[in-house]
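Asker: Okay, handing you the structure first.
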Amino acid sequence: MRNNIRKLGYLLLSLLLILIFYLSYIQLEKGSYLAEHPRNKRFIEKISQTERGKIYDRNGEIIAESLLQENHWKRYYPYQYEISHLVGYTSDKYGTAGVEAAYNKQLLGLTDRAKFLNFIGKIYNENPEGEEIFLTIDIKIQRLAAELLTKTNKPGAVVALRPSTGEILVAASIPGYNPNKLEETWDELLNDENAPLLNRAFQGAYPPGSVMKLVTAAGALSNGYNGKEKFNCPGYLEVDGFRLLDSEPHGTLNIHDGVVVSCNTIFGKLGLELGTKEFIEQAEQFGFGSDFGIPLNVRTSTISKDKNMDTTELAEAAIGQGELLVSPLQMALVASAIANQGEMKQPYLVDEIVTSKGKTLHQNKPRTLLQSTDSSTARYIGEAMVDAVKLGTGKAARISDIKVAGKTGTAENEHGSPHAWFVGFAPAENPQVAVAVVVENGGAGGTVAAPIAKQVILEALR
């Protein structure tokens, strides 16, 4: 009998210890997470009682603010579909997304410094306030990009950056939504076949088509080629019984000429001669497989499922087809690295975080993310991109008195018409902006995407 009582005592003691450890884990490890979870009712109530910090564009234009309605603070967005994916939303019912989610603690005043300031303010009967955020986005260019995409009547995205700093000037995704009416339209948004809640600029996954030839060119020039070698293009490339077709027979060309006329044969050959290992390593030097350290959801670009491609798959990947999938952000960064002498800067969205009184709490500064290629290779490819716009497939991106460097892409798509691509930068001799444009099922990149890039570049350079 005593033995049974002892065993029961041990069992109860063990359960008590387990309970103590579990509650300690919840309190110490998960406490902050649960306390600030968007579905926590106490947290939701705190949101409604706190003047959430404003979000501004780079020029001080308000793009998100809180308005007092019936003793509760409600989030208001002056701009809707143009920037909805980037800024995101704040909803009692559906939580937060975008910058609103990534910087939730700062905007709600839940950082240690904000809690202290709000505690002092409470003594003086002041309402609690969140910190304010200045983005690197230029809302004027962002709106233009969204409008230009909308006119195509097809989904798409535009990303534009400053090559020398990594500041993201534009991250437009169409279709968008109105975050002011999120709860009323939620079911409609979820059921829309065009996926208006998807941030195509950062999360879109597309075959890049011929814009990938820039990466293949960099790989070849970094692995033994000097750019003067001649190749013959009969209009196709035979690979293990598979024929990789070209737009036409281009005759005898070098790598520079191959970029200008977007020759599949040359870049298929270069990919095969590089080999899978070197090709993948070069792609990774341009950021493939990276989320770039951006605190929003970013789809990493992928080359193949197992990185063990056969010759046909490698040749296809070298011209931007096959299993290769990239985001518009990825290809904007490829253009940006070439524009910046081969150096890829860390992309960033938030320029500054300040108190409600304007005191700077955090300032982002440019830093190098990757050395994608050497400066001579970047210069060679950049010159070829200038001629691609001047003489080749990118003529629709030409701007008088401004030298534009660019590359078009028409990416085959098994689900419909090809995706239209354009990547580039300007002015070519002193790049101030790099851009990537994709229009889903848009057709030819030189016809559909290049004119959009031209207008975005023009606005960015004003």
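Asker: For the range 73-92, state whether one or more residues are loosely packed, with under 15 Cβ neighbours inside 10 Å, farther than 18 Å from L349 by Cα, modelled with pLDDT under 90 and not polar (S, T, N, Q).
Answerer: No, the range 73-92 has no match at all.
Asker: Next up: Name the one entry in A205, A171 that is surrounded by fewer than 23 Cβ atoms within 10 Å (Cβ to Cβ), under 26 Å from the mean Cα position of the chain (by Cα) and within 21 Å of F288 (Cβ to Cβ).
Answerer: Going through A205, A171 in turn, just one is surrounded by fewer than 23 Cβ atoms within 10 Å (Cβ to Cβ), under 26 Å from the mean Cα position of the chain (by Cα) and within 21 Å of F288 (Cβ to Cβ): A205.
Rundown of residues vs (1) buried (at least 21 other Cβ atoms within 10 Å of the Cβ); (2) modelled with pLDDT of 90 or more; (3) in contact with a Phe, Trp or Tyr (Cβ under 9 Å, 6 or more places away or on another chain), yes/no style:
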{"site": "G251", "(1), (2), (3)": "no, yes, no"}
{"site": "L270", "(1), (2), (3)": "yes, yes, yes"}
{"site": "T300", "(1), (2), (3)": "no, yes, yes"}
{"site": "K305", "(1), (2), (3)": "no, no, no"}
{"site": "P328", "(1), (2), (3)": "yes, yes, yes"}
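Asker: Need at least 1 residues that are farther than 30 Å from Q341 by Cα and modelled with pLDDT under 95 per element, so show me which helices (runs of 4 or more DSSP H) inside the range 168-233 make the cut, counting only ones lying wholly within it.
Answerer: 182-191
Asker: Separate question: Could you grab me the full set of residues in the range 282-319 that are assigned to a loop (DSSP other than H, G, I, E, B) and charged (D, E, K, R)?
Answerer: D291, R299, K305, D306, K307, D310
Asker: Contact list please: Cβ distance under 6 Å, first residue in the range 234-251 and closer than 9 Å to T312 by Cα, second residue at pLDDT 90 or above and among the aliphatic types (A, V, I, L, M), pairs at least six apart or on different chains.
Answerer: Note: pairs meeting the criteria are V239/A315; L244/A315.
Asker: Given the condition outside any loop (DSSP other than H, G, I, E, B), surrounded by 19 or more Cβ atoms within 10 Å (Cβ to Cβ) and of a type in the set (G, A, S), answer yes or no: does some residue in the range 258-268 qualify?
Answerer: yes
Asker: Suppose we filter the range 414-457 for residues that are free of Cβ contacts under 8 Å to residues at least 40 places away in the same chain and surrounded by fewer than 24 Cβ atoms within 10 Å (Cβ to Cβ); how many remain?
Answerer: Of the residues in that region, 9 qualify.
Asker: Test of understanding: among I133, I137, which residue is touching a strand residue (DSSP E or B) at 6+ places or on another chain (Cβ under 7 Å), assigned to a loop (DSSP other than H, G, I, E, B), modelled with pLDDT of 95 or more and β-branched (V, I, T)?
Answerer: Among I133, I137, only I137 is touching a strand residue (DSSP E or B) at 6+ places or on another chain (Cβ under 7 Å), assigned to a loop (DSSP other than H, G, I, E, B), modelled with pLDDT of 95 or more and β-branched (V, I, T).
The values are calculated or read from the model by the stated rules, or taken from the named source; none is laboratory data. The model shown is predicted, which means the values in this text are computed figures rather than measured ones. Ideal geometry is used to build each Cβ from the backbone, glycine not excepted, and the neighbour counts take in all protein chains shown.
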